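The numbers here are math on the coordinates, done by the rules we state, and not lab data. Since we're looking at a predicted model, the values are computed, not measured. Virtual Cβ from ideal backbone geometry, glycine too; neighbours counted across all protein chains shown.
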Amino acid sequence: MSNDDITTEILKCVGISAPGPHAILLVIGIGRFTKEEKDTVELLQRAFGPDMLRYLVVVFTRKDDLDRGSKSVDQILANAPSSLQDVIASCGNRFFAINNAEENIDNVDKQVQDLLRLITEMVYENGNKYYSSSIFDQTERVIREREKELRQKYEEKTNEDVKEMKRIISMEFEDKKSEFKERENALLEKLDRLELQRTQELKSMASNLRSLQTEMDNLTMEAVPESFDEEENCKLISLQQKILEVKKRLEGVRQEQEDMMVYEVPATPRYRYRQQIDKLVREDVREEIQSGDSNILKRFWKNVKGAGVGLLAKFREIFDVMKAKAGFF
């Protein structure tokens, strides 16, 4: 692993945990507190400072080895190197042992919940505050700046989308408006024809009635029929029904047009809009950090190199110790 690779991984870790971790877990194989582990703990204290111990939880692995030997964690710690005992004591005796060989899912879940409970209690004791330092502060500043940039882009894109939606709706509105006008004109023309037909029919019926009256006068009949014959009545009723039907359809078209006139683009409530943008922004920045995006890592380095060169150097020492332990040297 080159120094550049180490620096990249350190910047990614710091970026993902910014503005600072609420808990720092030191994972050690139980009964195997070697010189490498001791050096790592010392480097962590030098890197993070003594305040780190307020956020430290020591997690021992391979508790199953103890179970097979009928020993407890307390018994092992009583005979542990003084350096490990000092670490345990300085972090408020916060330690937890995990059984790596556990296969029962309920027991595995209980281990996780118990560890989370210990961490939650520590966070509460620390007043819900997180560990921070100049390097975390500078990294968080870069993250906030990047979030602001992305938020502006999302808002601009959203505004463009809304404008485009309004443009499309406006075009559809004009098309619908023309369609409604055509339907309205067609119905009005039909209504005019039916009313003209009804007027002509009434005139025809009145003329027939006068003719009948004349004939009856000539025949000296005493009475004139009070109504038209059945065929003429049916025809008039049919015309009247058609007129009413057309008027109803015309009213429906005009109501549709009126409803369309008051339609607006549905607005997303402001608080929901902000929440959605913020969620997307956070996810994007986190993805950039995890993927090792060169742009944001360069900005991290530019901001933290003045405040955190010493810290980064100590982190490199930790990486070197880990590499030596893993046999990379």
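Points to keep in mind about this one:
- Cα radius of gyration and Dmax for the range 60-175 (Å): 26.9, 87
- Q255 paired with F173, simple spin-label distance in nm, labels 7 Å along Cα-to-beta-carbon: 2.2 nm
- Computed lengthening from K203 to V73, 0.36 nm per intervening residue step minus Cα-Cα distance: 35.4 nm
- In this structure the amide hydrogen of I98, modeled in the peptide plane, comes within under 5 Å of the amide hydrogens of F60, T61, R62, K63, none closer than 5 places in sequence on its chain.
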